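Take a look at the structure set out below.
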Amino acid sequence: MNILVFILIGAIAGWLAGQLMKGSGFGLVTNIIIGVVGSFIGGFVLGLIGLSFGGFIGSVVSATVGAVLLLFLAGLIKK
């Protein structure tokens with residue numbers, strides 16, 4: 001996968017996760033980091049339950065699921 005596409009997916013997924021979890025984004029760099037880490041988490045977790053998504057939209061969905069999980073776990077640890 002092209003690195004620019006990977007970064008774009010991370011930015012979109014991080015922004016979406018920020019919207020879903022706290023109501024606003026975190027800034028471009030943080031959104032990318034959250035989204036990229038979330039893509040690995042999402043791919044792993046969805047793979048465990050037997051789901052996989054293909055294409056650009058599927059990658060964004062998978063990364064967003066992982067990013068939401070990441071933010072949820074971070075919120076639990078922060079409390």
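The values are calculated or read from the model by the stated rules, or taken from the named source; none is laboratory data. From a predicted model like this one, the values you see are computed outputs, not experimental measurements. So basically every Cβ, Gly included, is an ideal-geometry build from the backbone, and we count neighbours across all protein chains shown. The protein model used for the area step is the full one, side chains on, heavy atoms only, and it has no ligands, DNA or RNA in it. Shrake-Rupley method; radii C 1.70, N 1.55, O 1.52, S 1.80 Å.
Residue 51 satisfies every condition listed in (1) more than 20 Å from residue 75 (Cβ to Cβ); (2) in contact with a Gly (Cβ under 8 Å, 6 or more places away or on another chain) except (2). With respect to the conditions (1) on the phi > 0 side of the Ramachandran plot; (2) open to solvent by 50 Å² or more (accessible area, probe 1.4 Å), residue 7 falls short on a single one, namely (1). Taken over region 30-50, the criterion of being modelled with pLDDT under 90 and open to solvent by 50 Å² or more (accessible area, probe 1.4 Å) is satisfied by 30 alone.
So, in region 51-67, of the ones that are of a type outside the set (A, V, I, L, M, F, W, C) and open to solvent by 60 Å² or more (accessible area, probe 1.4 Å), which residue ends up nearest to residue 8 (Cα to Cα)?
Going residue by residue through region 51-67, those that are of a type outside the set (A, V, I, L, M, F, W, C) are 52, 54-55, 58-59, 62, 64, 66.
Filter again for open to solvent by 60 Å² or more (accessible area, probe 1.4 Å), leaving 52, 54.
Working: 52: 20, 54: 16 Å.
Looking at the filtered set, the residue picked out is 54.
Restricting attention to region 1-58, the residues that are within 12 Å of residue 71 (Cα to Cα), aromatic (Phe, Trp, Tyr) and not in a loop (DSSP other than H, G, I, E, B) total 1. For region 59-79, the tally of residues that are without any contact (Cβ under 8 Å) to a residue 24 or more places away in the chain, over 11 Å from residue 39 (Cβ atoms) and part of a helix (DSSP H, G or I) stands at 5.
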